[in-house]
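Accompanying notes for the structure given below.
The values are calculated or read from the model by the stated rules, or taken from the named source; none is laboratory data. From a predicted model like this one, the values you see are computed outputs, not experimental measurements. Ideal geometry is used to build each Cβ from the backbone, glycine not excepted, and the neighbour counts take in all protein chains shown. When the accessible area is computed, the model is the full protein with side chains, heavy atoms only, and any ligands, DNA or RNA have been set aside. Shrake-Rupley method; radii C 1.70, N 1.55, O 1.52, S 1.80 Å.
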Amino acid sequence: MKYLVMVQGAQADYDAMSGKASEHSPAWSEKELQAMFAFMSAVNDDLAESGELVDGQGLTEPAKARLVARGEDGRPVVTDGPYGETKEVLAGYWLLECESLERVTEIAARIAACPCPEGAPNPPVVIRPVQEADGGDVG
């Protein structure tokens, strides 16, 4: 079974990682940033070694995102990010192939333990089963 494991973040989180504190999050030090990168690298290495990693990527900040929607007249409406109505966005993901929901939950719990500065937000890690190509039940 394939699962999409997602971490969420806000523009303020990306700002904090580049040294700009806000009421949302304290500024990250270079040492804290390197600890987070080392942690995530170890997770990726372990998942690749176990054969469970299909793909995984961190995403750029919401300010570099673009939203394309269909307008009332049917024409596309393009909005550059960040989006005021969206508090959190997808910050990164792993596409994993695991034997069970229990196993992918263990992995998500490890990801949730990623080091961060004291007082930084710690959003949940989201697990979504990937629907099979035949459209069958994924449960």
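Quick notes on this one:
- Rolling a 1.4 angstrom probe over region 39-139 with all protein chains present gives an accessible area of which 49% lies on carbon and sulfur atoms.
- Cross-link pairs LYS20/LYS87; LYS20/LYS64; LYS31/LYS64 - those with Cα-Cα distance over 22 Å: LYS31/LYS64
- Label-point gap, in nm, between VAL126 and THR105 - each point 7 angstrom along Cα→Cβ: 1.9 nm
- Accessible area per residue for the chain is 65 Å², calculated with a 1.4 Å probe on protein heavy atoms, without ligands, DNA or RNA.
- Largest GNM mean-square fluctuation across GLY92, GLY119, GLY56, computed for the chain with C-alpha springs under 10 Å, falls on GLY119.
- Highest mobility in the GNM of the chain, judged by mean-square fluctuation with C-alpha springs under 10 Å and restricted to VAL78, VAL54, VAL89, is found for VAL78.
- For GLU32, net neighbour charge (Lys/Arg +1, Asp/Glu -1) across residues whose Cβ lies under 13 Å away: -2
- Around LYS20: net Lys/Arg minus Asp/Glu count, Cβ-Cβ under 13 Å: -4
- Fraction of beta bridges assigned by DSSP in region 1-98 that are antiparallel (%, nearest 5): 100 percent
- Projected label distance in nm at GLU30 and ALA48, using a 7 Å step from Cα toward the beta-carbon: 2.6 nm
- Nearest-0.05 FRET efficiency for SER18 and GLU97, computed from C-beta distance (R0 35 Å): 0.55
- Euclidean distance of C-alpha centroids, region 87-139 and region 1-34, integer Å: 16 Å
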